[in-house]
Structures are given as C-alpha cells and as structure tokens.
1. Round to the nearest 0.05 the FRET efficiency obtained for F131 and S242 when R0 = 41 Å and r is the Cβ-Cβ distance.
2. Could you work out how far the C-alpha centroid of the stretch 19-52 sits from that of the stretch 115-129, in angstrom?
3. Using the heavy atoms of the protein chains alone and a 1.4 angstrom probe, what is the accessible area of the chain per residue in square angstrom?
4. Using Stokes-Einstein with the Kirkwood hydrodynamic radius over Cα pairs, what translational diffusion coefficient do you get for the chain at 37 °C and a viscosity of 0.692 mPa s, in µm²/s rounded to a whole number?
5. Given that compact globular proteins tend to follow 2.2 N^0.38 Å, what is the ratio of the alpha-carbon Rg of the stretch 45-172 to that value?
6. With the cut-off at 31 Å, tell me which of the pairs K55/K77; K77/K144; K24/K208; K24/K77 have Cα atoms farther apart than that.
7. Would you work out the charge dipole size for the chain about its Cα centre, treating the Cβ of every Lys and Arg as +1 and the Cβ of every Asp and Glu as -1, and quote it to the nearest 20 debye?
8. Once the whole set of protein chains is in place, how much accessible area is left on Y72, using a 1.4 Å probe, in Å² to the nearest 10?
Amino acid sequence: MKQAKLFLLLAAALLLSSCATRYKVTGIERTRMLIDKRYDAQPDAGAQAFIAPYKQQVDSIMSPVVGHAAKYMAARKPESTLSNLLSDILVWGGRPFGEHPDVGIYNMGGIRAALAEGVVTYGNVVDVAPFENKICFLTLTGEKLLELFGQLASRGGEGVSHGTQLRIADGKLLSATLNGQPIDPQGSYRIATLDYLAQGNDGLLAFKEGTNVVSPQTEENNVRFIIMDYFRAEAAQGRAVSAEVEGRIISETSTDGIPVGN
C-alpha cells in the first residue's frame, strides 16, 4: 500500500513538472487597430446580446448632457486649446474652497481624449479625464515656481492657465512671466493642480516643495466633476465652452505642435 502511494506521488510530481511550461519573452511588437463603422457591417449577434444589459446601464450614466463645446479642442504640446481650457478650469475650481490661484497646471498626459464641437456629455468628460485625480492647491516660492516652469520646459510644455507666458527652447526655460510681470524669486505663488502632480509625478519635482497644501480627497473633488461643473455653469449662462491658443508657451524649437501621445 505504501509503495502504491509512493508511486502515485511520483507520478503526480512528474505530471506537474511536465505541465509547467517555461516561457521567455523574445520580443515585443505593437500596432494600432482602427475601430470604425466597418465593424458594424457584420455584427456578432452573440456579443451584442451579451453586452446589451450592460450597455443600457452604462448609457444611462454616460449620456446626460453637461454642456456644449463651441469647437473641436484637443491636447498638443507645447500649448493647445484643451490644455489651456483645463488649466483655466483648475483656477476656476478654487472658488468653493476660497482659493484664488495665481497659476493652474494640468499635465498633457492626463488628457486622454479630445472634445468634439457640439454637445458634451458626462461620458465625453470621463474620456478626457478618466483618472481619479483630485484638485489640489499649494504654495510655491517664486524660486521654486521658476524651477517648476523649467521642468515643464524639459517636457516640451504642459497645460498652464491664462496669464502665464513661458518661452522655451530645446527643453530649457528661457523666460517666464505671470500677468505680464517677471516671477519674483522671493515671492509666494498659489498653484492649482492635480494631486497626482502635487506629489512630484511626471517629472515635476518642484511641486514636492509646496506648502499650505489643500488636497481634498472626497469623490466630488475629482477633477472630472469639476470640469463637468464648469460646463454646466457655462450652459446655465447660455454659453458654449471654448478656448484659444494664445501664446502661453512659446517654443523656439522645431517640435511645435506635436500631438500628445506621439
């Protein structure tokens, strides 16, 4: 009996060892697949039936209208309509907190879609800002703000709010002004940004020197909801939302206008 048990244990061990396939990565490739109306010509009935109950629920959440966009807006470095708009919204979002930020900063990498002209839905805003980032306010000295602007320059530009003007070249900051005035290294400046950036992520390490940090972590302070609130506020005034490229970041390199993600 003991010999039979031993035989079974050995057989099981051999079987398990023979089933353990060891793989080694030899290469990685990627490609883009265009998903468009061509796939609607021959829909998969089984897949449609499986998705149907979920689609109804998702549509009920994502389809409500929050406002209108006056034109197509997308994110591009060094400056773009959508990055300008979102940076300005961060400054606007300081009102409920009694904050009056001098500068709003929104990273291009946090902008994941464009906004089409016309109706803007809850789902459209989620596409633009899908992450769980919360609004955050902090104070930087003028010296650290210039350091931060230098880090923005090294990244080819990020979203900055109205009144900010940076001149950059080859990843270097050439000059910086705020509302037409040079940055005072000994001064104190209030910044509105994302909590993700305030932690020093995306290479914006100067943020880690921030003081008097206000970083609400409740769900309603998610940046996507602040964006929606802005669209609703504009809609209540009968206005469609728009933004312009106005020379907030002027790059003297040949990489102007590179789409985000390329």
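1. For F131 and S242, the calculated efficiency is 0.95.
2. A separation of 26 Å, based on Cα centres.
3. Counting only protein heavy atoms, the per-residue value for the chain is 60 Å².
4. Working: Rh = 21.4 Å.
It comes out at roughly 153 µm²/s.
5. So the stretch 45-172 has a normalised radius of gyration of 1.30.
6. On the way: K55/K77 35 Å; K77/K144 23 Å; K24/K208 40 Å; K24/K77 38 Å.
Those over the limit are K55/K77; K24/K208; K24/K77.
7. Numbers: 25 positive and 28 negative charges, 255 e Å.
Using only the charged Cβ atoms, the result is roughly 1220 debye.
8. Roughly 140 Å² of Y72 is accessible to a 1.4 Å probe.
The values are calculated or read from the model by the stated rules, or taken from the named source; none is laboratory data. No experiment lies behind these values; they were computed from the predicted model shown. Here Cβ is always computed from backbone atoms with ideal geometry, including for glycine, and neighbour counts include all displayed protein chains. Just the protein is used for accessible areas: all its heavy atoms, side chains included, with ligands, DNA and RNA removed. Shrake-Rupley method; radii C 1.70, N 1.55, O 1.52, S 1.80 Å.
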